Amino acid sequence: MYQSQLFTKTLKETPADEISINAQLLIRAGFIQKEMAGVYDYLPLGLKVLKKIENIIREEMNEIGGQEVLMTTLQNPELWKKTGRWNDQVVDNWFKTKLVGGTELGIANTHEEPITATLVNFVKSYKDLPVYIYQFQTKFRNELRTKSGIMRVREFLMKDLYSFSRTEEEFKKFYEICAESYIKIFKRTGIGDVTFRTIAAGGSFTAGLTDEFQTISKAGEDIVYIDKAKKLAINKEVYTDENIKKFGLNKSKLEEEKSIEVGNIFPLGSKYSDALGLKTKDENGVEKSVIMGCYGIGLGRLLGAIVEVHHDEKGIIWPKEVSPFDVHLVQIENSQKIRKTAEKIYQDLLKTGIEVLYDDRDKSAGEKFADADLIGIPIRIVISERTLAKNSVEIKKRQEQKLKIVKISDVRINIK
C-alpha cells in the first residue's frame, strides 16, 4: 500500500468524546471511525488487523476440530421462548424488530438456540457426536452504557463456538482443549503474558461457575485476583473463601488487578438441548441428552485490549502477528533517485511476501516519523539522501530507540 493512496489520514488531536486509550489511538491513527456511541467502522488499517486476528482464531479453532458456519442475524422468537430467553427480564440487552406484517424478530446477541435447533436436523445417533461448530458473526447487544472504546459496544464481531458431546466426560475433555486453544490465541496476538484463565460467574448463559480469560490492564472493567505462578485468577464477583479453596488457591498469593475480559467459555449442560429437543440414542437404543458448551471471543474487544497493552506516549505498538503491515517504508526527501530506490525496495519486499506500507508522501521527516510511531507497525525502514550515500537504509523497531544501518542488499534478511 502506498500511503499517499490510503484514504484515511492521521489526526493530531485526540477525539474529545473518547476517554479510552484504544479508541483515542485507533481513531487518531486512522484504524476506526466512530459512527455513534458504541458503534464503530473499521477502516482499511483497522480491518487488516481485525482480519489477522480472525485468521489466528480460525487456525486455532480448525486445529481442535471446529467446523465453520455462518448463521443468520435475524432470530425466530419461538426458539428463544422454549429456553426462556426471549423474555427481556431474563436477557435485558435484546435488539428486536418487526416485519412489515407485524411479526416480531430478534437481532442476534448470541446463537445457542439457533445452532442447537440446526443440530436437531442432523444429529440422531451417538455416532453423529461429538460436533464442534463455530462462526464469525456480527452480534448486537443493547448495552445500557457503552464505554471503553471498542471494548464495550452495541455491534461487534464475535467468534462463537458450540460443542455438542455425548457425555459429561467427553465435554470436559474438549472444554480443556478449547481453554488451551484460547491461551494459544492470546499468545499469538501478543497478550499471552498478561492474560489469565479466570474463574467467573455464568450470567444468563448457564448456572454455576464458568471460565473467562482476563488481560491485566488499567483500562479494565473487572477486578480479578491472580496467582501468577499458577496462571489462574478468580473474578471479584465469585471471590469467596469457598471458591478459593475449591480451586486450590492461596489467598495470600493472590494479587488484585484490573483486567479486560477477552474471552469466555461456558459449560451449558443439557439446558438448551433438552429445551429444543436435541437428543441422541446410545448403542443400546436409550435416549440421551446432548451435553453442550459455548466458547466466545469478541474480536473488536481483543483488538482494543491489544492496543491497551501495547502502546506508549507516541502511539500503538502492534505485535508482529496482528500488525496491519510487516514493514513501514519511509522515504525522506523526494528526489528522483530516492523515489526510484525506495520503489525498488518496496517491490522487492512485496515479491518475497512481506507486507509493506510505503510512505511515499511529500511530507517532512518529522511528520512521517510521528505518523509511523502513531500507526505502530513493528519495523520502520528509512531511506534518505544520507543513507543512500552509503548505499544503505536505517532500520528501527517500533519499541526500540536504537537504529541499525543496513546495506540495501541486506534489507530483507535484517527484518525477519
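The values are calculated or read from the model by the stated rules, or taken from the named source; none is laboratory data. Owing to the predicted nature of the structure, the values given are computational and were not obtained by experimental measurement. For neighbour counting, all protein chains shown are included, and Cβ atoms are generated from backbone atoms with ideal geometry for every residue, glycine included.
Residues in segment 257-303 that are over 21 Å from the mean Cα position of the chain (by Cα), among the charged types (D, E, K, R) and outside any strand (DSSP E or B): K271, D274, D282, E283.
Sort out which residues of segment 326-376 are without any contact (Cβ under 8 Å) to a residue 24 or more places away in the chain and under 33 Å from the mean Cα position of the chain (by Cα), and write them in order of number. Of everything in segment 326-376, those that are without any contact (Cβ under 8 Å) to a residue 24 or more places away in the chain and under 33 Å from the mean Cα position of the chain (by Cα) turn out to be Y346, Q347, L350, K351, G353, G366, E367.
For I53, the conditions (1) without any contact (Cβ under 8 Å) to a residue 40 or more places away in the chain; (2) within 30 Å of Y346 (Cβ to Cβ) are fulfilled apart from (1). Just wondering, is there one or more residues in segment 27-41 that are at pLDDT 95 or above, in a loop (DSSP other than H, G, I, E, B), in contact with a strand residue (DSSP E or B) (Cβ under 8 Å, 6 or more places away or on another chain) and under 19 Å from A370 (Cβ atoms)? Among the residues of segment 27-41, at least one is at pLDDT 95 or above, in a loop (DSSP other than H, G, I, E, B), in contact with a strand residue (DSSP E or B) (Cβ under 8 Å, 6 or more places away or on another chain) and under 19 Å from A370 (Cβ atoms), which makes the answer yes. Residue selection: V224 satisfies the criterion of being surrounded by 23 or more Cβ atoms within 10 Å (Cβ to Cβ), of a type in the set (A, V, I, L, M, F, W, C) and more than 20 Å from Y42 (Cβ to Cβ).
Residues are listed down the side, and each one gets a yes or a no for (1) under 30 Å from K230 (Cβ atoms); (2) of a type in the set (D, E, K, R); (3) assigned by TED's automatic domain parsing to the domain that holds N55:
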| site | (1), (2), (3) |
| --- | --- |
| K251 | yes, yes, yes |
| L276 | no, no, yes |
| D282 | no, yes, yes |
| I291 | yes, no, yes |
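Do the conditions hold for K51, that is, is it farther than 30 Å from L129 by Cα and either part of a helix (DSSP H, G or I) or outside the structural domain of E112 (by TED's automatic domain parsing) (or both)? Against the criterion (farther than 30 Å from L129 by Cα and either part of a helix (DSSP H, G or I) or outside the structural domain of E112 (by TED's automatic domain parsing) (or both)), K51 qualifies. What about T341, is it outside the structural domain of Y239 (by TED's automatic domain parsing), surrounded by fewer than 24 Cβ atoms within 10 Å (Cβ to Cβ), in contact with a Leu (Cβ under 9 Å, 6 or more places away or on another chain) and not aromatic (F, W, Y)? For T341, the condition - outside the structural domain of Y239 (by TED's automatic domain parsing), surrounded by fewer than 24 Cβ atoms within 10 Å (Cβ to Cβ), in contact with a Leu (Cβ under 9 Å, 6 or more places away or on another chain) and not aromatic (F, W, Y) - is met.
Is one or more of the residues making up segment 73-85 part of a loop (DSSP other than H, G, I, E, B) and over 19 Å from C294 (Cα atoms)? Scanning segment 73-85, I find at least one residue that is part of a loop (DSSP other than H, G, I, E, B) and over 19 Å from C294 (Cα atoms), so the answer is yes. Pairs are defined by a Cβ separation below 7 Å, a sequence spacing of at least 6 or placement on different chains, a first member in segment 232-259 that is without any contact (Cβ under 8 Å) to a residue 60 or more places away in the chain and more than 14 Å from T195 (Cα to Cα), and a second member that is part of a strand (DSSP E or B) and of a type in the set (G, A, S); the pairs so defined are E237/A200; E237/A201; V238/A200; V238/A201.
Which residue is nearest to the chain's Cα centre (by Cα), if the candidates are limited to segment 240-256 and must be buried (at least 18 other Cβ atoms within 10 Å of the Cβ) and in a loop (DSSP other than H, G, I, E, B)? Only one residue fits best here, namely L254. For first residues located in segment 112-141 and small (G, A, S), partners that are in a helix (DSSP H, G or I) and at pLDDT 95 or above and lie 6+ apart or on another chain with Cβ distances below 6 Å form the pairs A117/L79; A117/L276. Taken over segment 1-50, the criterion of being buried (at least 16 other Cβ atoms within 10 Å of the Cβ) and of a type in the set (K, R) is satisfied by R28, K34, K48. Out of the residues in segment 364-416 that are among the aliphatic types (A, V, I, L, M) and in a loop (DSSP other than H, G, I, E, B), state the one that is modelled with the highest pLDDT. Going through the qualifying residues, I end up with I377. Check E176, E212 and return the single one that is outside any helix (DSSP H, G or I), among the acidic types (D, E) and on the phi < 0 side of the Ramachandran plot. Going through E176, E212 in turn, the sole match is E212. Of the residues that make up segment 91-101, is at least one within 27 Å of L349 (Cβ to Cβ) and outside any helix (DSSP H, G or I)? No, every residue in segment 91-101 fails to be within 27 Å of L349 (Cβ to Cβ) and outside any helix (DSSP H, G or I).
When the test is whether a residue is modelled with pLDDT under 95, touching a Phe, Trp or Tyr at 6+ places or on another chain (Cβ under 7 Å), of a type outside the set (A, V, I, L, M, F, W, C) and in a strand (DSSP E or B), T198 does not pass it. Scan segment 102-121 for residues that are touching a strand residue (DSSP E or B) at 6+ places or on another chain (Cβ under 8 Å) and not in a helix (DSSP H, G or I) and the total you get is 8.
Only residues that are among the polar types (S, T, N, Q) and either surrounded by fewer than 18 Cβ atoms within 10 Å (Cβ to Cβ) or not assigned by TED's automatic domain parsing to the domain that holds G46 (or both) were counted in segment 154-197, giving 1.
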